[in-house]
1. Give the residue that is surrounded by the most Cβ atoms within 10 Å (Cβ to Cβ), with candidates limited to residues of region 110-126 that are touching a helix residue (DSSP H, G or I) at 6+ places or on another chain (Cβ under 7 Å) and either modelled with pLDDT of 95 or more or more than 19 Å from residue 69 (Cα to Cα) (or both).
2. What is the one condition in (1) in contact (Cβ under 8 Å) with a residue 60 or more places away in the chain; (2) buried (at least 18 other Cβ atoms within 10 Å of the Cβ); (3) over 18 Å from residue 77 (Cα atoms) that residue 192 does not satisfy?
3. Mind checking which residues of region 95-109 are out of contact with any helix residue (DSSP H, G or I) (no Cβ under 9 Å at 6 or more places or on another chain) and either without any contact (Cβ under 8 Å) to a residue 40 or more places away in the chain or crowded, with 19+ Cβ neighbours inside 10 Å (or both)?
4. Taking the options 55, 70, name whichever one is more than 18 Å from residue 37 (Cβ to Cβ), touching a helix residue (DSSP H, G or I) at 6+ places or on another chain (Cβ under 6 Å), touching a residue at least 12 places away in the same chain (Cβ under 8 Å) and part of a helix (DSSP H, G or I).
5. Take region 112-130 and flag every residue that is outside any loop (DSSP other than H, G, I, E, B) and under 19 Å from residue 28 (Cα atoms).
6. Of all residues in region 164-194, which are modelled with pLDDT of 95 or more and either in a strand (DSSP E or B) or at positive phi (or both)?
């Protein structure tokens with residue numbers, strides 16, 4: 001088994017080198033948070049070929065705007081893959097459609113898990129036009145707060161370097177593309193009504 005994995009990694013490294021990806025791709029493990037406030041955390045191991053398909057989809061982006069559009073889909077795809085190993089497939093957008101369900105996710109679970117997915121994509125060379133930031137928080141009124149993963153346009157991008165966006169998977173059912181909005185608009189309350 002170990003010999004087969006070594007051969008698989010060697011083959012992937014060769015393919016990656018041929019398409020311009022310098023670092024070898026490794027089988028990735030990420031902790032997924034669920035049951036509100038990261039009460040439960042389960043490891044997810046992404047299959048190399050399936051993860052590589054997600055990463056290569058991102059690599060086709062020719063602009064920051066296109067990378068964000070592809071990133072929304074990639075995040076949804078990673079959630080769908082993670083749902084094969086965890087109960088998060090039961091998660092629905094917002095906090096009400098899945099109340100009391102084992103595997104439900106609040107915005108803290110989503111912000112944490114999406115940031116982990118984004119960092120993994122970043123580490124594996126999947127992001128060209130953006131870098132991953134720490135999760136962000138908005139507060140509206142006295143008791144309403146919401147968290148999201150965040151990214152920033154990097155200096156080599158043709159549009160405004162430093163422009164920030166949220167990657168908010170909390171708004172959608174598991175496996176659906178994440179909602180990506182300018183950070184300023186999200187801070188003002190923009191996003192789907194769930």
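1. Per the stated criteria, the residue is 117.
2. (2)
3. 99, 100, 106, 107, 108
4. The match here is 70.
5. 112, 113, 114, 115, 116, 117, 118, 119, 120, 121, 122, 123
6. 164, 165, 166, 167, 168, 175, 179, 180, 181, 182 - these are the residues of region 164-194 that are modelled with pLDDT of 95 or more and either in a strand (DSSP E or B) or at positive phi (or both).
The values are calculated or read from the model by the stated rules, or taken from the named source; none is laboratory data. Everything numeric in this text was worked out from a predicted model, so none of it was measured. With ideal geometry, Cβ positions are generated from the backbone for all residues, glycine too; neighbour counts draw on all protein chains shown.
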